[in-house]
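Participant: Handing you a structure now.
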Amino acid sequence: IKKKFFGHWDGFWRIIAFDIPEKRKKTRDLFRFKLSELGCKPIQKSVWITPNDISTELEDLISLLNLEENVDYFISKALTNEEKYMEMFKIEDK
């Protein structure tokens, strides 16, 4: 599943936070890899961000990897340092 940001941005940020135990390290590494494929970028090791609406793909991935108890997904209109993230994803303006 590959999803890069193209086209008009809807102004919402999607933030994915996860806490996957060390005993599930392979699953955690796979989850990070899949987030990257979906066009997400890390803010911290376990906090990722994207301007893309990846709700459906993320729900499928969480279910497939049995991570319902380990992942939180937020949709936000406002961020501190938003300019940094707009530059990160090469978003010109809202």
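Participant: What percent do you get for the relative contact order of segment 1-77 when only Cα pairs under 8 Å and 6+ apart count?
Facilitator: Values: 97 pairs, mean separation 37.8, N = 77.
Worked out over segment 1-77, it gives 49 percent.
Participant: Scan [x] 21, 18, 12; [y] 21, 15, 10; [z] 24, 13, 11 for the value of semi-axes √(5λ) of the Cα gyration tensor in Å calculated from this model and give just the label.
Facilitator: [z]
Participant: Here's something else I'd like to know. Return, ordered by residue number, the residues of segment 53-82 whose backbone nitrogen is under 16 Å from a label point located 7 Å along Cα→Cβ of Ile15.
Facilitator: Within reach of a label on Ile15: 71-82.
Participant: Keeping the other protein chains in place, figure out the carbon and sulfur percent of the accessible area of the chain, with a 1.4 Å probe. Spell out each step's value before the answer.
Facilitator: Working: 3230 of 6200 Å².
With neighbouring chains kept in place, the figure for the chain is 52 percent.
Participant: Given Cβ point charges of +1 (Lys, Arg) and -1 (Asp, Glu) and nothing else, what value in debye, to the nearest 20, does the dipole of the chain about its Cα centre take? Intermediate values should be presented prior to the final figure.
Facilitator: Details: 17 positive and 17 negative charges, 93 e Å.
Charge dipole, the chain, about its Cα centre: 440 debye, nearest 20.
Participant: Work out the charge dipole of the chain with +1 on the Cβ of Lys and Arg and -1 on the Cβ of Asp and Glu about the Cα centre, then indicate which of Pro51, His8, Leu30 is farthest towards its positive end.
Facilitator: Of the listed residues, the answer is Leu30.
The values are calculated or read from the model by the stated rules, or taken from the named source; none is laboratory data. Just so it is clear, the model here is predicted, and its values are computed rather than measured. Here the Cβ is made from the backbone with ideal geometry for all residues, glycine too, and neighbour counts use every protein chain on show. Ligands, DNA and RNA are excluded from the accessible area calculation, which covers all protein heavy atoms including side chains. Shrake-Rupley method; radii C 1.70, N 1.55, O 1.52, S 1.80 Å.
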